[in-house]
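Worksheet for the structure shown next.
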Amino acid sequence: MDPDRLCVVLVSTRNPLNIGAAARAMCNFGFHRLRLVHPYDPAFREARSAVGASSVLADAKVFATVAEAVADCTLVVGTTAIGHRQPQHPVKLLKDGAASILQALNPPSSHHSRVAILFGSEKVGLSNEDLSHCHWLMHIPTGDQQKSMNLGQAVAVCLYELARDTATPFPAAETPRASAEEVERLTAVLLETLHASEYIAAHSVESKEENIRRLLRRMRLSTEDASTWLGILRQVLWKLRSKS
């Protein structure tokens, strides 16, 4: 996915702090194209909430109308809390909507096409006129007690859903496995400790020792962990013998 082909469009946003929070969320998830339609406060570029996202605010483009803001986009998606409104567009839940957006962003033949996600003002959301520019709508499922979300949070949730399946996972740390010799050394000290503590009774020595040996090998200890346990058991064994 090319993140530069996704545009976040904030329509008639009233609070510059919400613009800053949206910009920060964009930076968090690797998106950088912010567009604003008739923002209420022209001082949004200095929003304190845009921690680490000043470049997104500095590069944000301001438009007079939604039509101008989405003119170069081939897919325009509006966000809605629905509420008491009767939608005139198809509505997709966030998970399905994100999948459709990713599909639109992925085709190699559409390198120059863009996708816009519209977010409305904090007070009334997107107007019917704003929605008339959308191909379909996307809804974030919320609880009945509070159906709408803060603007910055809504942007963050939508962008997370887009980014979560495309992010590069952290590589697993390479930890060398303990060798058979190291595990056997640990086994011997553990068995010695269990004998000293009388955990292993005389009549079941063989079966107990076999179980312990298998148990240690199922644990697939690293060299470091085997060494740590060996030190612990030697100290326990020394304490047991010093008291006898």
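The values are calculated or read from the model by the stated rules, or taken from the named source; none is laboratory data. Small disclaimer: the values here were computed from a predicted structure and weren't measured. So basically every Cβ, Gly included, is an ideal-geometry build from the backbone, and we count neighbours across all protein chains shown.
Contact map, region 152-172: residues that are more than 13 Å from Val8 (Cα to Cα) paired with residues that are outside any loop (DSSP other than H, G, I, E, B) and modelled with pLDDT of 90 or more, Cβ distance under 6 Å, separation 6+ or inter-chain. Pairs shown: Glu161/Leu94; Glu161/Ala98. Going by what's in this entry, would Ala43 be described as farther than 27 Å from Asn128 by Cβ, touching a Pro at 6+ places or on another chain (Cβ under 9 Å) and at pLDDT below 90? In short, yes.
Consider region 67-95 and keep the residues that are at pLDDT below 95 and part of a helix (DSSP H, G or I). The one that is surrounded by the most Cβ atoms within 10 Å (Cβ to Cβ) is Leu94. Exactly one residue among Ala196, Ala188, Ala226 is touching a Leu at 6+ places or on another chain (Cβ under 9 Å) and modelled with pLDDT of 90 or more, and that residue is Ala226. From the list Leu118, Leu126, Leu137, the one residue that fits, being in contact with a His (Cβ under 6 Å, 6 or more places away or on another chain), closer than 30 Å to Gln86 by Cβ and at pLDDT 90 or above, is Leu137.
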